[in-house]
Number of protein chains: 2
Amino acid sequence: MFQVSFRFEKGEDRNIFAAENENLLEVARKANVAIDAPCSGNGSCGKCKVRLVEGELDSPRTRHISEEDYAAGWRLSCNSRVVSDVVVEVPDIASAYKSRMKTADLSTGEEVRIFNAAEESVREAGISFTNDFVSAVIAMDEPTLDDTMPDNERLERALMAELEVEFVSIPHSVLVHLPSTLRENSFRVRCCGKRDGDRFQLMTVSAPDDATPMCGVAIDIGTTTVTAVLTDLATGKLLAKGSAGNGQIRYGADVINRIIESSRPGGKKRLQDAIVKETLQPLLRAMYQDANISEERVLSICVAANTTMNHLFVGTDADPVRTEPYIPAFFRWNDLKARDVRLPANSEAGVILAPNIGSYVGGDITAGTLMSMIWNTDELSLFIDLGTNGEIVFGNRDFLMSCACSAGPAFEGGDISCGMRATDGAIEACTIDRETMEPSFSIIGEAGQKPIGLCGSGIIDVIAELFRCGIISAKGQFVREGRRVSQDANGFDCYVLAFADESETGRNVTINTVDIDNFIRAKGAIFSAICTLLKSLDMDVSCVEHMYVAGGIGSGINMRNSVRIGMFPDIELDRFSYIGNSSLNGAYAMVMSDQARDKVEELAQSMTYVELSTTPGYMDEFMAACFLPHTNAELFPSCAEME
Amino acid sequence: MFQVSFRFEKGEDRNIFAAENENLLEVARKANVAIDAPCSGNGSCGKCKVRLVEGELDSPRTRHISEEDYAAGWRLSCNSRVVSDVVVEVPDIASAYKSRMKTADLSTGEEVRIFNAAEESVREAGISFTNDFVSAVIAMDEPTLDDTMPDNERLERALMAELEVEFVSIPHSVLVHLPSTLRENSFRVRCCGKRDGDRFQLMTVSAPDDATPMCGVAIDIGTTTVTAVLTDLATGKLLAKGSAGNGQIRYGADVINRIIESSRPGGKKRLQDAIVKETLQPLLRAMYQDANISEERVLSICVAANTTMNHLFVGTDADPVRTEPYIPAFFRWNDLKARDVRLPANSEAGVILAPNIGSYVGGDITAGTLMSMIWNTDELSLFIDLGTNGEIVFGNRDFLMSCACSAGPAFEGGDISCGMRATDGAIEACTIDRETMEPSFSIIGEAGQKPIGLCGSGIIDVIAELFRCGIISAKGQFVREGRRVSQDANGFDCYVLAFADESETGRNVTINTVDIDNFIRAKGAIFSAICTLLKSLDMDVSCVEHMYVAGGIGSGINMRNSVRIGMFPDIELDRFSYIGNSSLNGAYAMVMSDQARDKVEELAQSMTYVELSTTPGYMDEFMAACFLPHTNAELFPSCAEME
């Protein structure tokens, strides 16, 4: 056994014992040290760099580490084996990929306004925001020596009369406190629960003047980020909102790597623990605390997530999803309880899963489609949710077609040498002066924050600007020279956004030809998916009348630049709408409204899924889209007009 | 803090730290040292004697400890406070009251024979032993690129077709393994679950040739002893049987003391843990291991227990049961799941509670009444379950009346100076020579076992024989002199069953006037309950045509002696039937047979409950019954004929 000490730029060392030849990334995971490995540790992404300070690691140099850096101690955790006691330094950048849990401040009203607007358009389409949850004060006769009916029967009969139901279920969680609650309140109590036809499922019993709301939770489990809201089931009022990085990120940035990891021994549990124990439990508890409610008051939960995330969340085998013939364990499944997946909630709370419709088009998209409102218009509309996977729905009130493509982690800063998530220090927007080639950018964080890296929206801007300024060619090759066009430590041509003395880390912030190539393939995947989907209908991009862009990744997105690089169809800018986190908003609608839930089920049933990987012509479309903006420049007339 | 060391006659010392002035009995409970305190530590029973070996205890002498014994270090744990480091010796007798967990050997066929006989009489009355659990092999088409239905839907459709149901619920516990189970078995699997009208609740999915039975568990939770059987739900075959002392015993021998303890802070959890975690979980797991089945194969559990035991098992407030107007939380309650009470079983397994009908007539009696068969005869029959509480049902096919009386722990050796449970060293039967006054007895245990004390059946015999031999009067006073009539260490008149050199403990085994008085009150409670119940119908004991005696306590009972002491009505001996553990047999019938369950519900609905404590005349009947055999000798004509 050797001792491994992890040293951080901020915070205390963490020490753990490791076996001889144990993989350093695995050791870090055991020690709960966050080192991002978007590629799941196969050596391809180069994100898991650490610096060896003392001792020895068996660790070959790879293309991600220059000779100079190797000499300075830099190693990839994923291909390092422990062969002595070691001290390794974990740089901030190694875990910048992982966003922190935070709850939102609702006092400004901004968050609430966004929700209300989304809800309003759904309401206008005739979907009422009502549900089957009931809160009622029930008064009973107090028992006497002549009226000795047991407590449960007394309450059941009173509920049957008051709610006009024929059956009442009293769960164990209520019965254990029932005698004392009835007596402390002189047999007049508030009962909350769920009506289901002629049945009533009692869920809580409390004092008659108890003003705690009946709560619902809506959760968007993104591959990268998890977002959730707590809401009052009676009024729809937002009570808390929170977000956190998906704890599974350390097992891979994309769904494929996570499925592979989940298929290893103990993997299902590891992946489920990462999302449930590490991510959702603390997030929900923090939200409940913000709103000052106990978990027994959470009566319903809706989860919108892609098919893989649903499988890993539930803890079932996901491997058949990724291997031919691509069969998931479920699309729709209505028997899940919060307790089954250890979510903090009432013992009887159910978990509504927004329905999946294909291996790679899941509940996030069916729920999001509801909010896009494309099903309620004559306009031929394109709804795209831009995340680690790009999911696309095209149609109108008459039909809906959908497909998914793997954009990879580039939009979230993965596969990009200085890429990072949209957190403090990330360049989120950029312009470049055509003359001087000098950049100006805005950086996430407080005033004076120096750049650490580039997040997705920043990358779109940088590439669009490099292309507009003639610094790179349509193929992404550097074609101008100047102070900021240089070579990075690995010998690749690059553009320097910030020199070492201008950056937070004391190292250059750059974008190199490999990064640009990776990004072009990502945007090419999106655009070719759009084209292929349209072609399957004998249509082309000129048919698109409106485009709705959703996704956490999309919030800072510059639509003009997105068109300029050939990611989105070249339609008028006022035809683009950014609709925020449609998955979360859809989950909110589903937990609040039984009609919304029915509508999503209906949309899912009617949606046709096109599997791109088996569609002829997709690869050709993809190859053609791997240029700036496209090999067929006629598709992007507005780019020709660029000044 | 002081260190307390418990030293045992057998086994290693147990050490624990205690606060100054902490109660020694509480300290023992924390250290998991079994010291019986049938009176729940109020100083009345004298059972919790320990011997101080080193150090000091603040502990006054009580009537339970002679001066000589006090000088030798004997103390009552319940009134001792720790004031220094101490070593105390815990004698075997202090925990003899607690019976050990054991599983039965079914290979001899004897246990099976008893069950079959009980079941047979119920079957003969037209109650079929069938239930809604189904096991079926389901074959599906394997998915292809052209047939991409998800696993759950594929299985649901196949089950709907095969079982002709309209809805199928697939629980989380099944879904998590469904993809791998289906693929490992080429989409041909064995499905087990429960049919409920047009619904099917799936519970397990396994290989098609899996021969593991679908299992049910029947449990009798007695105040003193817990007994359980594991059975094959399809065939009724007994797979395992086990018994254990009810772990709650250390909180009091009778239901009242347990309710009082449960009402103290943290008490509900303590009492529930004692029965669930300490008693049922290890007992059931041992049985599952005997039968080599995993807990997910246990699909249904039935519990028969008195009203208090039901409440403490479920973990709800029992205090209203014992205080006016005596209202239980439930009589019937059909929503309990095994997981609610942490019983090892399938995640969807329900717990059937045999219905209670009054504060002191519970599911053990309603289930037992089914097995007594008194509801299927014209004979006016008396069914009595003789335990810590005595419960009585009187009637025939036309009516059923019931009541309960508190006999106290005397039948189980409580409240008797040398009393003990029916375990090794207990005198279980006794005769006394009228001339010499010398006793002969049979002792539980291997050949050569010396006596330690007296169990219930032994006490009945000793008192009947002392009375028959004219050694004690009808009031229980000693009226003859002789070698064996003496005074015990506390100065009470007593009869010496075994002198110090004849006993296992090296101390006299005696029965004194206080013991006899306690016992006469216990048998008086039983007989006067019978009389009062009959009187409420304008009947008397001469109307009783048959008497069915049940209860673990009753197994070694001598019916003639029970009549001689005036506990049972003086009817012909061939009119008595001992029917064993009718509560357990009834629970077995209920878990195996839906019709038996309905019949018990029907019996419970039709049974009239008479609350003795509020019935005028009961106290007079009781006073009159506190003689040997009775103040009214005419009630016991056969006693007059005693030689």
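The values are calculated or read from the model by the stated rules, or taken from the named source; none is laboratory data. This is a predicted model, so every value here is computed, not measured. Cβ sites come from the backbone with ideal geometry, for glycine too, and all protein chains shown count toward neighbours.
For this structure, a couple of remarks:
- Residue in region B:453-460 that is modelled with pLDDT of 95 or more, outside any strand (DSSP E or B), over 22 Å from B:Arg63 (Cα atoms) and not aliphatic (A, V, I, L, M) present: no
- Flag if A:Arg575 is surrounded by 19 or more Cβ atoms within 10 Å (Cβ to Cβ), at negative phi and not hydrophobic (A, V, I, L, M, F, W, C): no
- For region A:15-66, the tally of residues that are in a strand (DSSP E or B), in contact with a helix residue (DSSP H, G or I) (Cβ under 8 Å, 6 or more places away or on another chain) and free of Cβ contacts under 8 Å to residues at least 24 places away in the same chain stands at 1.
- Some residue of region B:115-136 being more than 30 Å from B:Ser583 (Cβ to Cβ) and within 14 Å of chain A (Cβ to nearest Cβ): no
- Hits in region A:169-184 - residues which are among the small types (Gly, Ala, Ser) and in contact with a helix residue (DSSP H, G or I) (Cβ under 8 Å, 6 or more places away or on another chain): A:Ser173
- Annotation note: Cβ proximity below 7 Å between a residue of region B:261-272 that is closer than 18 Å to B:Leu25 by Cβ and a residue that is crowded, with 17+ Cβ neighbours inside 10 Å and among the basic types (Lys, Arg) (sequence gap 6+ or interchain) occurs for B:Ser262/B:Lys268; B:Leu271/B:Arg258.
- Single match in B:Ala354, B:Ala305, B:Ala349 (criterion: among the small types (Gly, Ala, Ser), under 24 Å from B:Arg264 (Cα atoms) and touching a Ser or Thr at 6+ places or on another chain (Cβ under 8 Å)): B:Ala305
- Verdict on B:Ser84 being modelled with pLDDT under 90, of a type in the set (S, T, N, Q) and farther than 19 Å from B:Ala274 by Cβ: no
- In region A:138-152, the residue that is nearest to the other protein chains (Cβ to nearest Cβ) out of those that are of a type in the set (A, V, I, L, M) and buried (at least 17 other Cβ atoms within 10 Å of the Cβ) is A:Met140.
- Hey, B:Cys39 within 23 Å of the chain's Cα centre (by Cα) and not β-branched (Val, Ile, Thr) or not: yes
- Checking B:Ile293 against (1) over 15 Å from B:Thr223 (Cα atoms); (2) more than 14 Å from chain A (Cβ to nearest Cβ); (3) assigned to a helix (DSSP H, G or I), the condition it does not meet: (3)
- Some residue of region B:107-126 being among the aromatic types (Phe, Trp, Tyr) and out of contact with any strand residue (DSSP E or B) (no Cβ under 9 Å at 6 or more places or on another chain): no
- Filter result (charged (D, E, K, R) and within 14 Å of chain B (Cβ to nearest Cβ)) within region A:181-193: A:Arg183, A:Glu184
- Whenever a residue of region B:194-208 is under 19 Å from B:Val351 (Cβ atoms), its partners that are basic (Lys, Arg) and in a strand (DSSP E or B), lying with C-beta atoms within less than 7 angstrom and at least six residues away or across chains, give the pairs B:Gln201/B:Lys194; B:Met203/B:Lys194.
- Within the set A:Gly586, A:Gly566, A:Gly524, A:Gly580, the sole residue that is in a loop (DSSP other than H, G, I, E, B), in contact (Cβ under 8 Å) with a residue 24 or more places away in the chain, buried (at least 23 other Cβ atoms within 10 Å of the Cβ) and touching a helix residue (DSSP H, G or I) at 6+ places or on another chain (Cβ under 7 Å) turns out to be A:Gly566.
- Taken together, B:Leu280, B:Leu238, B:Leu230 contain a single residue that is within 24 Å of B:Glu26 (Cα to Cα), touching a strand residue (DSSP E or B) at 6+ places or on another chain (Cβ under 8 Å) and touching a residue at least 60 places away in the same chain (Cβ under 8 Å), which is B:Leu280.
- Every residue from region B:600-643 that is of a type in the set (Val, Ile, Thr) and within 14 Å of another protein chain (Cβ to nearest Cβ): B:Thr608, B:Val610, B:Thr614, B:Thr615
- Qualifying strands (runs of 3 or more DSSP E) (wholly inside region B:143-228; at least 3 residues being touching a Pro at 6+ places or on another chain (Cβ under 7 Å)): B:188-196
- Contacts under 9 angstrom Cβ, first residue in region A:440-451 being touching a residue at least 24 places away in the same chain (Cβ under 8 Å) and over 24 Å from A:Cys469 (Cβ atoms), partner surrounded by 10 or more Cβ atoms within 10 Å (Cβ to Cβ) and not hydrophobic (A, V, I, L, M, F, W, C), 6 or more apart: A:Gln449/A:Asp424; A:Gln449/A:Gly425; A:Gln449/A:Glu504
Table: residues versus (1) more than 25 Å from A:Val514 (Cβ to Cβ); (2) small (Gly, Ala, Ser).
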{"site": "A:Asp364", "(1), (2)": "yes, no"}
{"site": "A:Gly368", "(1), (2)": "yes, yes"}
{"site": "A:Thr377", "(1), (2)": "yes, no"}
{"site": "A:Ser381", "(1), (2)": "yes, yes"}
{"site": "A:Leu386", "(1), (2)": "no, no"}
{"site": "A:Asn396", "(1), (2)": "yes, no"}
{"site": "A:Phe411", "(1), (2)": "no, no"}
{"site": "A:Gly414", "(1), (2)": "no, yes"}
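- Candidates are the residues of region A:301-325 that are of a type in the set (Ser, Thr, Tyr) and within 20 Å of A:Gly387 (Cβ to Cβ); the one that is nearest to the other protein chains (Cβ to nearest Cβ) is A:Thr307.
- Residue in region B:378-386 that is modelled with pLDDT of 95 or more, more than 11 Å from chain A (Cβ to nearest Cβ) and touching a Cys at 6+ places or on another chain (Cβ under 8 Å) present: yes
- Of all residues in region B:153-180 being under 19 Å from A:Asp319 (Cα atoms) and among the β-branched types (Val, Ile, Thr), the one that is farthest from the other protein chains (Cβ to nearest Cβ): B:Val174
- Options A:Arg258, A:Arg285: the member that is within 15 Å of the chain's Cα centre (by Cα), among the basic types (Lys, Arg) and away from chain B (no Cβ under 14 Å): A:Arg258
- In region A:330-357, the residues that are at the interface with chain B (Cβ under 10 Å from one of its Cβ atoms) reach residues that are part of a loop (DSSP other than H, G, I, E, B) and β-branched (Val, Ile, Thr) with C-beta atoms within less than 6 angstrom, at least six apart or across chains, in these pairs: A:Asp335/B:Ile170.
- Single unsatisfied condition, B:Ser44 versus (1) at pLDDT 90 or above; (2) farther than 25 Å from B:Gly11 by Cα: (1)
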